[in-house]
Structure formats: C-alpha cells, structure tokens
1. Please report the spacing between the Cα centers of segment B:80-148 and segment C:71-103 in Å, no decimals.
2. When a/c is below 1.5 the answer is rounded, else prolate if a/b is larger than b/c, else oblate, so apply that to segment A:192-281 with a ≥ b ≥ c taken from the square roots of the Cα gyration tensor eigenvalues.
3. Treating cross-link reach as a plain straight distance, find the aspartates and glutamates whose alpha-carbon is under 17 Å from the alpha-carbon of C:Lys67, omitting any fewer than eight places away in the same chain.
4. Too long at a 23 Å Cα-Cα cut-off: which of A:Lys64/B:Lys149; D:Lys61/D:Lys90; B:Lys119/B:Lys149?
5. Can you flag which of A:Lys103/C:Lys101; B:Lys133/B:Lys155; A:Lys45/A:Lys161 are past 25 Å Cα-Cα?
6. Quick one: putting +1 on the C-beta of Lys and Arg, -1 on the C-beta of Asp and Glu, what dipole do you get for the protein assembly as shown around its Cα centre, in Debye to the nearest 20?
7. For chain C, calculate the relative contact order in percent as a whole number, restricting contacts to Cα pairs under 8 Å that are 6 or more residues apart.
8. Mind checking the alpha-carbon convex hull of the protein assembly as shown and giving the volume per residue in Å³?
Amino acid sequence: MLRVIAVLIAALWVAGACPAAAADTINPDADFKAFRDYFTKKFPKVPLNDFVNGPYSMDAGLRKQWEAIEDFPPYDFAVDRGKEMFGTPFKNGKTYGDCFANKGIGVRQNYPYFDEKSGEVITLELALNRCREANGEPPFSYVKDEMASLTAYMAFTSRGKLFDIKIPNDPRALAAYQNGEKYFYSRRGQLNFSCASCHVQSAGQHIRTEVLAPALGILAAMPIYRSEWGSMGTISRRFVTCNSQVRGVPLEPQDENYRDVEYYLSYMANGLPISGPGARP
Amino acid sequence: MPLKITTNSRHDRTRRLLLKSALGGLVAALALPWLPKWARAADGALWPKDAFTQKTEAGAIKALYGKEATASDQVKLDAPEIAENGAVVPIAVSSALPNVTSISILVSENPFPLAASYKLPPGTTAMVANRLKMAKTSKVVALVESDGKIFSATKEVKVTVGGCGG
Amino acid sequence: MANSIRVRAVASGDHTEVQALVQHPMDSGFVKDAQGNLIPPHHIEVVDFQHAGKTVFTALWGPAVAKDPYIKFSFKGGQKGDDIAVSWVDNKGESDSLTAKIM
Amino acid sequence: MRTIFAMTGLVMLAAASAAQAASTQADFDAAMAAATAADKEAAMLKNRWTPTEQALAAAKKAAAAGDFDTAVKDAQHAEALAKASIAQAKEQDTAWKAAVIH
C-alpha cells in the first residue's frame, strides 16, 4: 500500500505535475549532495575516500589495530574460498560468472541495481542466490559462510572501483529509493532508534570502545569479518543485527525494505571506492 | 632448553590421537618414517601445560622459566591503549637484547595469564607479533629470555568489550 | 578441504619475514554456546616453522590466542624460492601442515 | 459518603485480588488473543519488537506450567508492547521525513 502511494507520488513528480510540493518530491541528486555535505562538514579532517573505512577513518588508536589486522586479515580465507567456489561449475556445467557481466569480476560497485523488468531492487546477494536457483542449485543462507565468501571474492576483485548506482527514470525505481530512505530514517525497536540515529547523528561517537561508523560509504567494506562475530557477515547480516540491537524483530534477509535501504545507502556512496571485504571490531 | 617439557596423561592421550590421525607428532613420525619431515614437526608434547594452566602471572612465569623476571627498557611491548575488541588484540614484542632464546606474553587478568610463548633458535630475530584475547582490562606482560635471564615490559590495555563472548 | 594455513614469507636482505594465519576456532573453554553449555577448550598448542630442515620458530599457544590466529616473525637466511614448512597440532590431536615458497 | 466510598474501595480491592489469584485458562486465552492480535498487526507493519516476542513466550510458558496469574500478566505486557510498536510504526510513517538530512 505504502509502495503504491509512493509510486503515485513518484509518478506525479516524474510527470512534473506536482511542482508546488517541493518538500515531498523525490530528488536523489539533491539528497546525495546534502548527505555528502553533512558528513564532510561533520568530519572535515577525514578525506572523502577514507569514509569507506568506517570507524578507522576517525580514531587513530583503532586505525593502528586495524592496520595490524589488515597485515594478514582473517577474511583472506573467505576470499580464497569464494574464488574457489567461483571457479567450480554447477552440476549443469555453468558457473557463477555466467550470471554476471564481465564474468562477475570487478562488478560489485554496480550493485544493487533497479531491475526494470521485475520492478525491484536486485542486490548482489540476491543475484547470487537467483543465479544458483536458475542453475538448479539450492540457495545459500544470506547471512554468512558461503554467501559471505562469494561476496568477499567479488568485492575483492572490485576494490578501488567507484560505486556507480543508477536510478533509472522509472517511477518504481524512485519509489524503491524513497522506501529505502524512509527505512533508513524511521525509528524502530523498543529503543526507538533509526539507522540514522546511530550512523548519522551519532556517527563518530563511541559506544564502549566501538566507534559508530558514518553512514557515508558504510556498505563499501562489505562483507566484513567482525571480531565480535568471530566470523564473516554479509550486508544482510549487518541489517539483521542492527535491528536486533535496537530490540526490533529483524525482517527476513533480502526483504524488500532491506534491499531498498541498501539501494538508498549505495546511491549515497556513489563515487566512493569499494574497499571490501573488510575487518571490523 | 628454555621451556620445561612436561609429561602427563593428557599428552599421552594426545599421542594416541596423533597415532590415529597419522599426521604430526613424534610417535607418528617414527611409525611412518616416509612422511615428509614437515608433517611431523609440531609436537603437542612440547606444550608446557603446567605454565599454561597457572592462574597467576607470577605462577606462570615461575612454571615457565623457573625464575623471576626483571623489568627492562630493552624489551619493547607494542599494545594498544584501548583494545577495539578484547577478542582480537594485536600485540607485538621485540628486543635489542643479545641471544634471545624465547619471548612470552602474559595477560595478567585472564583466567590463565600465560597466553603465548615463542621459542627462537639462533638466527631468529627477537621480534614477534600476534593477536590475543583479553577477558577484561589488564596488564600485559612481555618476557624476553636473553642469555638465560628473563627481562620484562608491562603495559595496561583497556578492554570494554571482553574477548570471552556472551 | 582447503588448507587451514596461510603463509606469506618474504625474503629481504639477509632476512626472511614470515607471516602466517591459521583457520582455527581457538575455543578458550570459557565461552558458552547458544544453549548455555560451555564450549570445551579447543586450541592449537604448538606451531612449528622450518626452513631447510631446521626449526626456525616454535609457537606455544594457550587458549588466549585469538580465533583464526596470526603470527609474524623473522629469521636470518632464506632465499626467494626456498620452502617454508609450517605445521600445527592442537589439544585434540588434530593437525595440519603446509609448505610454501619464500617470495 | 466518604466511608461508603472507602468501603467500596476495600471491597473492590478484595475482589480484584481474589480475581487475580484465580486467573483461569479462559482469562489467559482472552489476554493471549488480544496480545497475539496486536502482535500480528505489528508484524503486518513490519515493526515487531523483540521484547513483545519474549513476553509472549513467557506467557505461554507460564500458562503451560499452570501459573495463569503470571501468564495473564505477561500476555497483557506483550499486548502493551505490541501496541506501542504499532503506534511507533504509524507515527514514523510520516515522522521520518523530519529526520532526513537537508
């Protein structure tokens, strides 16, 4: 229902039929500029490209420990495993590479994208499982293990490439974008926190020893090896745990809301380099 | 021999397991002499169980070296002031002292303070970097064995997210 | 099953710097599982590094070494193309080994 | 007048505690139905809270053990939490816009 209304609003905006309601229009470009300005003004000493390093961009003590861990990062195992999986054909002889542009190498920065055929946001994790299913293989769990290994490898081959998320001129794409924005700013859970409460207003602040990562570029390092988890986790896992942390019941991984918020955040990160896989406390 | 070799029933059990797994371990190596040398190098019997199960820092040092340590500015201990997560704390130790034969690291407040001990044959540099778990804020003690004497350096590392899970 | 050991050994000047990462749970014996039962200790006890048939470094590890443990050291000698042999054994008698080339 | 009022109050208190001590399966079923309905509405809005789920589980556990007093109390708590989560979702449906970076 909400989606329908948003589509209508978007349709009106695209048609230019609603010029007076400026506050309610969807303008990703203006959002993008405001979002980036907010963070670069809040953290004037952090070079723009360093935002993809999350908490390490703003705390020297943490950065030193991180650099020590990056000397030989625990996600290396996941990258190697992902590479091996990528090179192993399915039972039908096809491979993951057959499902992606450029055989899946160096394409992470283009995800998620809005698929105009199906009218929905396609994330990398979703594309990987759809690839499996299209080739007669059962899907993987979205949160860790195999999915983290596959995305770790794909991110690794895309390091340094700049986020290039497009919003096609399609009211449904704009609606998905706005739904993601709405999800990002809506308070939820018994603690009444939104994603933005922690990663916009409180970005850079300490919770115990952890430093809250700024929302700008926050997905660039995914998937991540978290010391707290003692294992790899995907973007799906990060959203699910964020919800639990504010005492909200998480949605199913790859729920439309999660995909839309990934779309929104990735669009906000346009022009920033992929740095994944990453290591985080 | 800088480290005491302890024998006990658990290590005997380890030996039996090693025999079964036919990889690694002295007994397995003797039984299967055609295994490449590297496959039998690590030997669980070398592990100084007594030192690793001491509950105090002093007890662990005594069990490991049989003597006390002297503080020295020749021992360099590189550890963070605040650990980002007690589950993974990068710690490095180095020394310019001569003839260093072993380096050990203790975390005083851990249930078992001795975390790791390294044996350095002649020719190996007196430097080691590793990652340890810390249950809570604690003194970290680096020990360097040089010419048979034990020298130490100490640093406090703050931990607010403990490395014991839960 | 992929090997549990990752080694990077780089010769520079008259020294070789060795870094290794091992995939191992390093369970301390103090952590409870989801059901509230203590996970028994399961950790590597000994790691041995050899070059040219000689041990160049021995690590003795307790349960306080972090999960997926990491180690860095350096020894005199070693040339590009030489073998570095690494092996570990844990408290359950499990073990693994790997030979890598010095870069 | 005042005395009567006070007496009535006492009687009511006594009645209330008597009723509380005698919570039945039927009381629990009613409280649980209300809580579950509210939780379902929260789920439709994709805005469940974990404490609601915990209170529902606690209520079921107490009822299974025959402790209907606790079961009813937990179910009512769950209903209150679920209703708060519904209110949050409805409020945030528009309130989020005020938080957007401009």
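Read the figures in this text as sums done on the coordinates, not as results from a lab. Remember, it's a predicted structure, so these values are computed and weren't measured experimentally. For neighbour counting, all protein chains shown are included, and Cβ atoms are generated from backbone atoms with ideal geometry for every residue, glycine included.
1. A separation of 20 Å, based on Cα centres.
2. Because its axes are fairly even, with a/c under 1.5, segment A:192-281 counts as rounded.
3. Of all the aspartates and glutamates, those that pass the test against C:Lys67 - Cα under 17 Å, at least 8 places apart if same chain - are A:Glu70, A:Asp71, A:Asp76, A:Asp145, A:Glu228, B:Glu84, C:Asp27, C:Asp33, C:Glu45, C:Asp90, C:Glu94, C:Asp96.
4. Distance filter (> 23 Å) returns A:Lys64/B:Lys149; D:Lys61/D:Lys90.
5. A:Lys103/C:Lys101
6. For the protein assembly as shown, the charge dipole is close to 920 debye.
7. Relative CO of chain C lands at 33 percent.
8. 235 Å³
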